[in-house]
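One structure is given below, encoded as structure tokens.
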Amino acid sequence: MARLTTENVGVAKEIISRYPRPKSALIPLLHLSQEQDGYVTEEGMQHIAELVGVTPAEVLGTCSFYEMFKLEPVGRYVVNICNNVSCMLCGSDELIHHAEQRLGIKVGNTTPDGTFTLESVECIAACTEAPALQVNYRFFNKVSTDGFDGLIDDLAAGRLDDDVPAHGTLARVRQHIPDDRRAGSIPPEGQTEPAWMHLNEPPASADGGEPS
Amino acid sequence: MSDVAVTINGQEIVANKGELVIDAAERHGVYIPRFCYHPRMKPVGMCRMCLVEIDTGRGPALQPSCMIECTPEMKVDTQSPVTKKAQDGVLEFLLINHPLDCPVCDKGGECPLQDQTLTYGPGESRFVEEKRHHEKPIPISDLVLLDRERCILCDRCTRFASEVAGDPLISFLHRGNETEVNTFPDDPFASYFSGNTVQICPVGALTALPYRFKARPWDLEATESTCQGCSVGCRIAIQESRNEVLRYLGVDADPVNWGWLCDKGRFGFEAVGAGNRLRDPLVRRGDQFSVVRWSDALHATATAITAALGSTGPSGIAVIGGARLTNEDAYAWSKLAKGLIGTDNVDCQLGDGLPASAVLGLPKATIDELCAPGATVILLGPDIKEELPVLFLRLKHAVQNDGVKVIEVSSMPTGFTKYASVSIRHRAAEANEAVRALLDGIPAGKDGGGADARVLDAARALVTSGAPLTVLLGRTSLSEQPDAVVDAAAALVDRVPGVKFLSGLRRANVHGALDMGLAPGLLPGRTTLAAAGGWFGRVWPQVPTQTGLDTTGILQAAAAGHVDVLILLGADPLADFPDRTLAEQGLAGARTVIALDTFLNESAQQADVVLAAAGFGECEGTTTNIEGRVSVLNQKVTPPGSARTDWIIAAELARILGSDLQLESVDDIRDEIEELSAAHRGLTVDVLAKMAYGDGVVVPLPSEPAPGADGDGDADGVGSEASDEAGDEASDEAGEPETVGADLERPGPAPIELERTDALEAPPIDAYSYRLVTGRRLYDQGTLVSQAGHLAGLAPGTVLRINPYDFDRLGVAEGTTLPLRSPRGLVEIEVHTDREVPRGTAVMFFNQPGADAARLIDATARVTEVRLETGGPS
Ligand code: SF4
Ligand code: SF4
Ligand code: FES
């Protein structure tokens, strides 16, 4: 379960093929692994290391740099409440306190049923909508304590399944770049200009001279 | 190379183009403090300790001097108030989380953080909060511990691991205040080079288990020497306290090791003072040894030698070994064996190297030549990562930074495969077919040793590209004779003008021993009995006329009862000779066995007399590395008990034999070598005294004409077996040496000719047999590893690897243990697939715990063939 599934290995290979160097695919592959398991497992990192030809230590080095990659299991819904200035002025302290009461856990923990993980986070770039929170990185704006309760009820009842997929899923529709639109794995040192520049080449101009 | 004029602290200096400010300043006597910058690694600008004010015409600004190249008219101020404030600030910040546990820190007293805080720091901190805490210390490998609290995140260890060693098994993890160096869980920093990170860590975050809490740096006394862990000859500092060697540090010898050491060399120091070192001579009484006085042991030895001389004559006496010895010891033993006793049955190699003529009879290259920018290299020898580790680092660097292209010719994947441009995989024992096909294309009716034609084409393009070509030439496998490699070398030297060779023989001072004549047919100074016998006869009591036996020949003769006295000169044939069966028969068949050694190893246990020898660090001398570089070994501690230096044992024995070596000191020996050896001319006692600290010199010294294979290749060679037709060889040899004899003219350089083998056909192989390929690992059961406390136990063991195509026919599961049989014996071994192993080939490792390759190898066969027994039809 923790290594990438056969299906995901196929996806991984396609992702790797988009980059000149396999190592460049590390972050999308870590997302893939997190999408599969809800968090990034050791076996997942080992598998990624094999796929891109680096050591597991290098994968962990990259993975652990980013807060959004979870190295421990988290709930199906990760609730991030912003604690920065705008949100704080608009009541995020109270909101966090309320969330702790409502979910019965302290910030940084997961409910025993594995449904919710509560986090207090730095600015999530929604200051105009303070107090803001994210559930699995989907925004919910101007959240009141009542609104929070409603949100939790809706999530728990599955009423928001269409809006908020389980933790780890970046997008339901996977980006797919058709073969003819890909830069391909041309090493950067072999490039004189961005590869896509050739895709829409204008017809050769008549004079063909260099601008003087 | 255009020069760049810059001003540092008001003083005009001339920097090299592209030189970093920090380096240019240091070269001109201005030291800029630093933590992360290391001259042998790329700069990263991590620590900011080297901030100085630099004005490039836009006004002064603080810039990291390790990241900035000198540009014309740049003005640098390393002492301005702004610079000073930056240094204060950086140190105050670095110390925020540093635990300052200097009293219990191994680095205390030699710590850049301590020293630079004193010299450049603010002296006080405004930080009153709680420091970061981590578990203290955690092991990151079997040899290295990490104390994360002390780490200043300079990125030296992690850069070393990925950039230099190529083992990125440690990495920065997490972010910000949480950042730490660590490994992946349960995936230790198992690099052969891990000890270097301890040496370059600018704080005490990384410590080495063998040295931890053993000493305070100010109590250590040091001298320089050269590692004897293998033949690369890395320069080291031996550090000692109270007559106990406590550690080695790498010394930056520019032509050799660049400051790096492998862990086997670095931590091999523990063998020096190991508790079970031989302290006194022993004589066998029945099944037991008794400790005796030196005179008794030496008399017993002399009596056996005299008796042998009386019955069989000199040829009844044989000497195996010598690579442990210093050059001076080797000379004394060469003089004793060849000049006084008169036997030429002398071989410093243990059937695991190359014929002496392949080492001395080809144009020689240095490590720098091998790694010269733009050069092409053919690896035709052992896995250099396993056997010559720091040479691996040098060549890897050259490939990754200097455009060197490597062609690997091998029957198994090696540690260098991933850095090679081309890897030619050929069937075992057919390296010559592959190399000839590389040069000329695959001849009709042959298949180039099974090598892929496209791969050969790619290799040919490199060889004919016009780039200088250097060949690393060594023993590719212990379970085949070296003929194929020698034939391949002959093809290369004939066909590629200007090709040079670097020896890949691995044992410590084997090149010095060869230079001192410890091989059949040779005399000191890279010359032959035939060419220089007359010259040596002037000073030596006699010189053998017949070329003697090599180690295989000696053991065969001993097994047949023709050896009266077998002297093991620091050699352990039971462990190191590839063919255990023959080694056992030889030791059992020799009437008297004398062992000079530092440990009572397996072979010494069979001896009749054991003479306790002084070892590395316990005696003065010189050593010679793969390039022919002579460097000085300084003494730092006294030998245990009454153990004696090998040359003194030789001199004493000569006296008891009623003669005199006329050698009374190391300097005497150096004088005589300088006088007699064409290769060591000019290497006088005075010159050597000046070299006590330093990189050493490649002999022959440049002012002298180089001896070498510039002769006109006499093709009907005498094979790699020692020839007993020495007379023929004498007449074949171009009479190069100027007249020697009565007048005092020295002999000129006497070229040694590569002894060629006739066209070789490897024996055909049936569908159910494999040709065995036997390599070595860095850690094995050899003396140095097993006697060095923390290295013992690192030998990984061995499995058998075969091609998946062959494996499928066995009908067993991966990892099944099967009986593996050769004409010599049977072992049980786990079998695995490896698609890099050619079909019909089976690869295993030598002298490992578990399955013992030496039980299988037949030293007399061109290649040992083995079969896996699957226990009936499946
Ligand atoms: S452990 Fe030492 S070498 Fe490695 S980053 Fe920390 S301070 Fe630097
Ligand atoms: S490479 Fe050889 S000489 Fe260098 S440190 Fe290792 S064992 Fe010693
Ligand atoms: S030495 Fe220059 S930034 Fe560290």
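For region B:179-190, enumerate the residues that are open to solvent by less than 10 Å² (accessible area, probe 1.4 Å) and either over 28 Å from the mean Cα position of the chain (by Cα) or facing another protein chain (nearest Cβ under 8 Å) (or both).
If we filter region B:179-190 for residues that are open to solvent by less than 10 Å² (accessible area, probe 1.4 Å), which is where we start, we get B:181, B:184, B:189.
If the condition is that a residue be open to solvent by less than 10 Å² (accessible area, probe 1.4 Å) and either over 28 Å from the mean Cα position of the chain (by Cα) or facing another protein chain (nearest Cβ under 8 Å) (or both), then B:181, B:184 are the ones that fit.
Within region A:87-110, the set of residues being among the polar types (S, T, N, Q) and either closer than 30 Å to residue A:36 by Cβ or open to solvent by less than 40 Å² (accessible area, probe 1.4 Å) (or both) comprises A:92, A:109, A:110.
Somewhere in region B:369-378, is a residue more than 16 Å from ligand 2 (Cβ to nearest atom), of a type in the set (D, E, K, R) and either crowded, with 23+ Cβ neighbours inside 10 Å or in a helix (DSSP H, G or I) (or both)? Walk me through how you get there before you give the answer.
From region B:369-378, those more than 16 Å from ligand 2 (Cβ to nearest atom) are B:369, B:372-378; that's our starting set.
Remaining after also requiring of a type in the set (D, E, K, R): B:369.
Keeping just the survivors that are either crowded, with 23+ Cβ neighbours inside 10 Å or in a helix (DSSP H, G or I) (or both) gives B:369.
Looking for residues that are more than 16 Å from ligand 2 (Cβ to nearest atom), of a type in the set (D, E, K, R) and either crowded, with 23+ Cβ neighbours inside 10 Å or in a helix (DSSP H, G or I) (or both), one finds at least one in region B:369-378, hence yes.
Exactly one residue among B:831, B:812 is over 27 Å from residue B:277 (Cα atoms), touching a residue at least 24 places away in the same chain (Cβ under 8 Å) and assigned to a strand (DSSP E or B), and that residue is B:831. Going residue by residue through region A:60-67, is there one that turns out to be in contact with a strand residue (DSSP E or B) (Cβ under 9 Å, 6 or more places away or on another chain), within 12 Å of another protein chain (Cβ to nearest Cβ) and modelled with pLDDT under 95? There is at least one residue in region A:60-67 that is in contact with a strand residue (DSSP E or B) (Cβ under 9 Å, 6 or more places away or on another chain), within 12 Å of another protein chain (Cβ to nearest Cβ) and modelled with pLDDT under 95.
Taking region B:536-630 as the region of interest, the strands (runs of 3 or more DSSP E) fully inside it that hold 1 or more residues being acidic (Asp, Glu) are B:592-597.
Highlighted here are the helices (runs of 4 or more DSSP H) found entirely within region B:439-531 that include at least 2 residues which are open to solvent by 30 Å² or more (accessible area, probe 1.4 Å) and out of contact with any helix residue (DSSP H, G or I) (no Cβ under 6 Å at 6 or more places or on another chain): B:453-463, B:483-495. Checking residue B:70 against (1) closer than 22 Å to residue B:113 by Cβ; (2) touching a helix residue (DSSP H, G or I) at 6+ places or on another chain (Cβ under 6 Å), which single condition isn't satisfied? Result: residue B:70 fails condition (1) only.
For residue B:299, the conditions (1) within 16 Å of ligand 1 (Cβ to nearest atom); (2) outside any strand (DSSP E or B) all hold with the exception of (1). No other residue among B:69, B:92, B:73, B:53 is surrounded by 19 or more Cβ atoms within 10 Å (Cβ to Cβ), away from ligand 1 (no atom under 15 Å from the Cβ) and touching a residue at least 24 places away in the same chain (Cβ under 8 Å) apart from B:53.
Residue by residue through region A:14-43, note down the ones that are acidic (Asp, Glu) and touching a Lys or Arg at 6+ places or on another chain (Cβ under 7 Å). Quick ask: steps written out before the conclusion?
Looking only at region A:14-43, we keep the residues that are acidic (Asp, Glu), and these are A:14, A:35, A:37, A:42-43.
Residue satisfying the conditions is A:43 alone.
Candidates in region B:124-158 are the residues that are within 13 Å of chain A (Cβ to nearest Cβ) and within 16 Å of ligand 3 (Cβ to nearest atom); of these, the one that is nearest to residue B:177 (Cα to Cα) is B:153.
Of all residues in region B:835-860, those being assigned to a loop (DSSP other than H, G, I, E, B) and closer than 18 Å to residue B:426 by Cβ number 6.
Within region B:26-39, being surrounded by 15 or more Cβ atoms within 10 Å (Cβ to Cβ) and more than 12 Å from ligand 3 (Cβ to nearest atom) holds for B:28, B:30. The single condition among (1) away from ligand 3 (no atom under 16 Å from the Cβ); (2) part of a loop (DSSP other than H, G, I, E, B) that residue B:237 does not meet is (2).
Which one of B:487, B:483, B:452 is more than 29 Å from the chain's Cα centre (by Cα) and acidic (Asp, Glu)? Full working, then the answer.
Working: B:487 fails: more than 29 Å from the chain's Cα centre (by Cα); B:483 fails: more than 29 Å from the chain's Cα centre (by Cα).
Of B:487, B:483, B:452, the one residue that is more than 29 Å from the chain's Cα centre (by Cα) and acidic (Asp, Glu) is B:452.
For residue B:63, the stated conditions do not hold, so it cannot be described as away from chain A (no Cβ under 14 Å), open to solvent by less than 20 Å² (accessible area, probe 1.4 Å) and within 12 Å of ligand 3 (Cβ to nearest atom).
Hey, can you tell me all the residues within region B:811-824 that are open to solvent by 20 Å² or more (accessible area, probe 1.4 Å) and more than 31 Å from the chain's Cα centre (by Cα)? Break it down stepwise before answering.
Start the filter on region B:811-824 by keeping residues that are open to solvent by 20 Å² or more (accessible area, probe 1.4 Å), which leaves B:811-817, B:819, B:821, B:823-824.
Hits for region B:811-824 are B:811, B:812, B:813, B:814, B:815, B:816, B:817, B:819, B:821, B:823.
So which residues in region B:165-178 are open to solvent by less than 20 Å² (accessible area, probe 1.4 Å) and more than 9 Å from chain A (Cβ to nearest Cβ), if there are any at all? Matches in region B:165-178: B:165, B:166. One residue stands out among those in region B:768-794 that are modelled with pLDDT of 95 or more and in contact with a Lys or Arg (Cβ under 7 Å, 6 or more places away or on another chain): the one that is nearest to residue B:427 (Cα to Cα), which is B:771. Every condition in (1) more than 13 Å from every other protein chain (Cβ to nearest Cβ); (2) crowded, with 17+ Cβ neighbours inside 10 Å is met by residue A:27 except one, and the failing one is (2). Taken over region B:668-693, the residue count meeting the criterion of being touching a helix residue (DSSP H, G or I) at 6+ places or on another chain (Cβ under 8 Å) and open to solvent by less than 70 Å² (accessible area, probe 1.4 Å) is 16.
The values are calculated or read from the model by the stated rules, or taken from the named source; none is laboratory data. Note that the structure is a prediction, hence the values are computed from the model and not measured. A quick note on method: Cβ atoms are made from the backbone with ideal geometry, for glycine too, and the neighbour counts reach across all protein chains shown. Ligands, DNA and RNA are excluded from the accessible area calculation, which covers all protein heavy atoms including side chains. Shrake-Rupley method; radii C 1.70, N 1.55, O 1.52, S 1.80 Å.
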